[in-house]
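The values are calculated or read from the model by the stated rules, or taken from the named source; none is laboratory data. Being a predicted model, the structure only gives us computed values, none of them experimental. Here the Cβ positions follow ideal geometry from the backbone for every residue, glycine too, while neighbour counts run over all protein chains shown.
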């Protein structure tokens, strides 16, 4: 029925009656919608540092994006532009301009870039696209995916909303140690989404952006996912204001209550089940326990009967101002109790990368999230992410997954401390450096790194200048 | 013809220090076979294999006839056999939820047939895990005087020495004895002086090795796998097996190796008994104090063992040892380990001291960058059981199998040593547990809010649920390192239909 309505609206006086008229009307609608977004559609070629095989290399890729204001801001995926050092943007009229990263949010996989409009040589004005409301989408709505699949810029595919609230689980990783997608469900569509579509707009027939296409399913046909624009709008607002997104964390993992209602004696769709409490986190400090049923959070009732409702709760918790004292009503063993917890800031999952060029390996700072993943007692030390074949570090026995605890007798509690120690020893041209490690993040071991400083200055420079080939 | 003679001549020059006439050599070999042959016996038994998990329904229970070579090492009927064949460990086969395992039931007794055709029954005494050798005791009413292999205790294998290995053909050839001439191709340092000989696997494993002058040097075994690769030396105080499981890798494959007599003598005098206590100190990942490390650390001389990980509540931990401590003396003897390859040797030396032995260590401890000499006395404990030692209990109605949780599992998964529960080892996908979402590896800690500390308690809870005909159960499990509730729907059979 909705489709017919749309067609009626779309069929202008000129359209002949009958089947042909319906088709022509739909086509006209699609093209109108396209025209509203197409001028704002961009192809993005980011250049970023990647840490591969124990060294830093420059890599590029292809992604998509959409301009959303007259100042030239465009939204794309974090995995496209979030770590870019350089951004080359191609508009749909084929004009190229550079852009700069404004900020990114790995948790929703969103980044905002700003085009250097002053470089623009085109004649027509850059027209931003308008955002719609993803909350209004229903299954069966017509949508288009616009972007650069397999780097084929300015492509449009067409389909329907296959599912408006797909839960993809909270275990998705954007990169090692960085989870993503915890705060949103996804819009599933059969409009073709391929590598390179990432960051591009999902557009409804009104010509509004209703989602940001983020991932496809390579093992299937016509299963792609977009981040709902309602979430994206909030993220953009925060990034434009502060360059980043600040969220709260309480260290609790929730389960839908549905099947457990009888067991825990709750009814009426109230509450959510607490499955796991992260030791030392705010929830643990407040005395929350697995098996507690959370009834209210910060004064408002909580309901999550199904997995699809969990991201909403996660988002509500994350949206609490950091450091706020929050009161909770909890059902425990049949009786209601009130507890108070103080939220703390949600950290990024993955730590910063660093290349130790002189010793021929790469490391990453260890965040609390990484410490939990690696089952370390505390977020201390730095993680080895790669060592070059036949390099100094590899020869000393350092490899992926080792955690460096001490370098040359100095404890390296953080990446900054490590860099300090490293730079000092390199300046001194220290030939032998004793390093205390946790082999495979587990067993303590002492290694002696014998550094050869002479060879590097000659060999390494040209290699660094080279960039890797294109990837999608 | 000329060509052929030349070749033969060249070989003789190469192989023998003193060129002997062909019939002299024939005579020597004959003497060796006469001397050693009677000690070589045939061991036969029936092994039961059981499939676990999905394999269970596919293969069920199967029987396999096994025959192997054994050597009489004591006249009272002590027989040495390769360990892996006679007591194979449980093997698990991949698959996340649908995997399986094959376990082997040891037979009650074993048949031993001597070279002269005499048959005996024997019992398995036990197995030495590190050397992978097992011992059988022949049973007899009268005292036995059997042709035991006469080792030459003082004979040391030499590099390139020509040796004779005595083996046995398979059943199809009537277990006929066979021999092979080979050479000691290298001398190894770990765990003690050993010599490898190549291409003597099939039918020679466990067989005696003699020199041409008739001295018995040792037997062919598989080179013990030590864990020093990457993670540092294991094998300390019987933790060899534990450490291997922790590290999850077996560096290289086993190679046929000549185990000289000095490696076997202790075992022959005092054979390992299954069920007997294995000594344990509780340290993983030992590292040698090399010359280079000693210099860098500012320790006067190399030789020592650096502790990698001291396991919680282990004898070493109780004595106050910590990771990073460097052991330099034990019971007033120096720890002369300055290469990582030698670390296993230290483990073996400690293990020989036995459960309950008090070991006085002198060690260096890093105190704010300066090494201070300290002492500690460790009482060797008993090696804790591994997960493989635990019996798998089938909860067929619920559609899963469980085992008790061992210290070894908790250490491997880096869980607190106080964690209690029953670990799920197999889940039938379409069973109640599988449909409810229980997964292999989950540690069940509560059922319907009542604590489950063991398989026994889990079975009691299930029994109660069955008696009450409960339509659902709520499991509280530890999955990886996070807790989770799992809802399981049950349809216990109505009374009278069970």
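Could you please let me know if residue B:419 is surrounded by 14 or more Cβ atoms within 10 Å (Cβ to Cβ) and assigned to a loop (DSSP other than H, G, I, E, B)? Yes; evaluated as a whole, the condition is true for this residue. Which residues, taken from the range A:419-445, are part of a strand (DSSP E or B) and farther than 21 Å from residue A:386 by Cβ? Within the range A:419-445, A:432, A:434, A:444 qualify. Note on the range A:388-418: among residues that are part of a loop (DSSP other than H, G, I, E, B), out of contact with any helix residue (DSSP H, G or I) (no Cβ under 7 Å at 6 or more places or on another chain) and away from chain B (no Cβ under 14 Å), the one that is surrounded by the most Cβ atoms within 10 Å (Cβ to Cβ) is A:391. It is to be established whether one or more residues within the range A:221-244 are within 14 Å of another protein chain (Cβ to nearest Cβ), assigned to a strand (DSSP E or B), touching a residue at least 24 places away in the same chain (Cβ under 8 Å) and buried (at least 20 other Cβ atoms within 10 Å of the Cβ). No, there is no match, as no residue in the range A:221-244 is within 14 Å of another protein chain (Cβ to nearest Cβ), assigned to a strand (DSSP E or B), touching a residue at least 24 places away in the same chain (Cβ under 8 Å) and buried (at least 20 other Cβ atoms within 10 Å of the Cβ).
Identify, by number, the condition in (1) crowded, with 17+ Cβ neighbours inside 10 Å; (2) assigned to a loop (DSSP other than H, G, I, E, B) that residue A:48 doesn't meet. Of everything listed in (1) crowded, with 17+ Cβ neighbours inside 10 Å; (2) assigned to a loop (DSSP other than H, G, I, E, B), residue A:48 misses just condition (2). Restricting attention to the range B:291-334, the residues that are more than 17 Å from residue B:346 (Cβ to Cβ) and away from chain A (no Cβ under 12 Å) total 5.
Restricting attention to the range A:422-449, the residues that are in contact with a strand residue (DSSP E or B) (Cβ under 7 Å, 6 or more places away or on another chain) and loosely packed, with under 14 Cβ neighbours inside 10 Å total 1. Would you point out the residue of the range B:276-290, among those that are out of contact with any helix residue (DSSP H, G or I) (no Cβ under 7 Å at 6 or more places or on another chain) and either more than 11 Å from chain A (Cβ to nearest Cβ) or in a helix (DSSP H, G or I) (or both), that is surrounded by the most Cβ atoms within 10 Å (Cβ to Cβ)? Selected residue: B:277.
Within the set A:310, A:294, A:274, the sole residue that is closer than 27 Å to residue A:378 by Cα, buried (at least 20 other Cβ atoms within 10 Å of the Cβ), within 14 Å of chain B (Cβ to nearest Cβ) and modelled with pLDDT of 95 or more turns out to be A:274.
Applying the condition of being assigned to a loop (DSSP other than H, G, I, E, B) and modelled with pLDDT under 95 to the range B:450-489 and asking which residue is nearest to the other protein chains (Cβ to nearest Cβ) yields B:481.
For residue B:393, the conditions (1) within 19 Å of residue B:102 (Cα to Cα); (2) out of contact with any strand residue (DSSP E or B) (no Cβ under 7 Å at 6 or more places or on another chain); (3) in contact (Cβ under 8 Å) with a residue 40 or more places away in the chain all hold with the exception of (2).
For every residue, the table says whether it meets (1) touching a helix residue (DSSP H, G or I) at 6+ places or on another chain (Cβ under 9 Å); (2) in a loop (DSSP other than H, G, I, E, B).
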{"site": "B:391", "(1), (2)": "yes, yes"}
{"site": "B:409", "(1), (2)": "yes, no"}
{"site": "B:425", "(1), (2)": "yes, no"}
{"site": "B:430", "(1), (2)": "no, yes"}
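For the structure I just gave you, tell me whether residue B:367 is exposed (fewer than 15 other Cβ atoms within 10 Å of the Cβ), under 23 Å from residue A:447 (Cα atoms) and within 14 Å of another protein chain (Cβ to nearest Cβ). Taking the combined requirement at face value, the residue satisfies it.
Residue-by-condition table, conditions (1) modelled with pLDDT under 85; (2) more than 21 Å from residue B:304 (Cβ to Cβ); (3) within 14 Å of chain B (Cβ to nearest Cβ):
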residue: A:420; (1), (2), (3): no, yes, no
residue: A:428; (1), (2), (3): no, yes, no
residue: A:438; (1), (2), (3): no, no, yes
residue: A:443; (1), (2), (3): no, no, yes
residue: A:447; (1), (2), (3): no, no, yes
residue: A:468; (1), (2), (3): yes, yes, no
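Within the range B:195-209, the presence of at least one residue that is at pLDDT 70 or above and loosely packed, with under 15 Cβ neighbours inside 10 Å is confirmed.
Checking each residue in the range A:277-290 for being surrounded by fewer than 22 Cβ atoms within 10 Å (Cβ to Cβ) and either within 13 Å of another protein chain (Cβ to nearest Cβ) or in contact with a helix residue (DSSP H, G or I) (Cβ under 6 Å, 6 or more places away or on another chain) (or both) picks out A:278, A:279, A:281, A:284, A:289, A:290. Looking across the range A:250-271 at every residue that is out of contact with any helix residue (DSSP H, G or I) (no Cβ under 7 Å at 6 or more places or on another chain) and more than 11 Å from every other protein chain (Cβ to nearest Cβ), the one that is surrounded by the most Cβ atoms within 10 Å (Cβ to Cβ) is identified as A:271. Every condition in (1) buried (at least 21 other Cβ atoms within 10 Å of the Cβ); (2) within 30 Å of residue A:135 (Cα to Cα) holds for residue A:327 except the one numbered (1).
The set of residues in the range A:301-344 that are closer than 20 Å to residue A:234 by Cβ and in a helix (DSSP H, G or I) comprises A:308, A:309, A:310, A:311, A:312, A:313, A:314, A:315, A:316, A:317, A:318. Among the residues of the range A:166-221, those identified as more than 24 Å from residue A:131 (Cβ to Cβ) and over 15 Å from the mean Cα position of the chain (by Cα) are A:195, A:217, A:218, A:219, A:220, A:221.
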